[in-house]
Amino acid sequence: MVELSELENDALIEIFNIGVGQAAASMSALVSEEVRMSVPSISFISRADAARLLGSRLAAEAEAPDRICGVSQHYEGAFDTDAILMFPEDKSLELVRLMVGETVPLQELTDMEQEAMCEIGNIILNACIGTLANVFEQELRGSLPEYHVGTSDEILGVSGSEPDSVVLMLHIDFALDKHQILGYVAFVLDISALHDLKEQINRYIARAMGQA
């Protein structure tokens, strides 16, 4: 598996924090409440290990730990990847409630969940990918968002990837005035895409150091 140096890792966290900062501003407008997001850590692990990690971490957060809500989009260009935003299923309804207000009945809320979560996924995934595209000075084209509910392994497998595919895992902290929500973004990459991503990171670092 391709390993990142400390400099490459720090650069990638910096880039993603810019992206989730933009997503937080968009989400704040959507839910009429200040949303703060940060990316405290990233890791490269196999898809099978990522599923186990998600299962254990989200189990402590959710009422139904084996049920995860995911929104996926496929991107291609500078590198190809399937990007997936994931929350515990019960937290997804909490987010939808914030979007539409307290007065909407639960049944109507459930009916809105898919569309609302696709909108949230679109905001967060496009903010992350858009920031990568900007700093890499490359084009990344995305598909329409798709909504999924299932186990962590089922959600990570929506791209049709193999269990030994590499997953770039972003742990994202969502802090709202009255809510604390744990979310994850996964980028599923094959070996070729992983090498392309590493090359783009190093080109960005070289440009940044040349301007220093």
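The values are calculated or read from the model by the stated rules, or taken from the named source; none is laboratory data. Note that this is a predicted model, so its numbers are computed, not measured. Note: ideal-geometry Cβ built from the backbone for every residue, glycine included; neighbour counts use all protein chains shown. Each accessible area value is taken on the protein alone, full model and side chains, heavy atoms only, with ligands, DNA and RNA left out. Shrake-Rupley method; radii C 1.70, N 1.55, O 1.52, S 1.80 Å.
Charge dipole (Cα centre; +1 on Lys/Arg Cβ, -1 on Asp/Glu Cβ; no other charges) of the stretch 6-208 amounts to roughly 380 debye.
For the stretch 9-108, the set of GluC sites (Glu not before Pro) satisfying both a DSSP loop assignment and a count of at most 16 other C-beta atoms within 10 Å is given as 33, 34, 61, 63, 102.
Take the Cα of residue 190, go 7 Å toward its beta carbon, and the backbone nitrogen atoms of the stretch 1-23 under 18 Å from that spot belong to 1-2. Solvent exposure of the chain amounts to 46 Å² per residue of accessible area, where only protein heavy atoms count and the probe is 1.4 Å.
Take 151-159, 195-203 and order them by the average number of nearby Cβ atoms within 10 Å per residue, most first; the result is 151-159, 195-203.
When the inverse distances between all different Cα atoms of the chain are averaged and flipped, the Kirkwood radius reads 17.4 angstrom.
Our summary gives the chain a relative contact order of 33 percent, counting only alpha carbon pairs under 8 angstrom and 6 or more residues apart. Taking a Cβ cut-off of under 15 Å around residue 145, the surrounding Lys, Arg, Asp and Glu residues balance to a net charge of -4, with basic ones at +1 and acidic ones at -1.
Quick check for you: which residues of the stretch 187-202 have the amide N under 20 Å from the point 7 Å beyond the Cα of residue 5 toward its beta carbon? Counting only backbone N, you get 194-202. Once C-alpha pairs closer than 8 Å and six or more residues apart are averaged by separation and normalised to the residue number of the stretch 129-195, the relative contact order reads 24 percent.
With the whole protein complex present, residue 209 retains an accessible surface near 130 Å², based on a 1.4 Å probe. Ranking of 165, 192 by solvent-accessible surface, largest first: 192, 165 (1.4 Å probe, protein heavy atoms only, all chains present). For the pair residue 162 and residue 206, label points projected 7 Å from Cα toward Cβ lie 3.1 nm apart.
If you sort 6, 139 by accessible surface, 1.4 Å probe, largest first, the order is 6, 139. Helical content alone sets the calculated 222 nm signal of the chain at -17000 deg cm²/dmol, taking -39,500 (n - 2.57) per DSSP H segment of four or more residues and averaging over every residue.
When the accessible area of the stretch 6-208 is split by element with a 1.4 Å probe, what percent falls to carbon and sulfur? Carbon plus sulfur share of accessible area: 48 percent.
Remark: the residue 175-residue 28 segment gains 51.8 nm on full extension, using 0.36 nm per residue and subtracting the alpha carbon distance.
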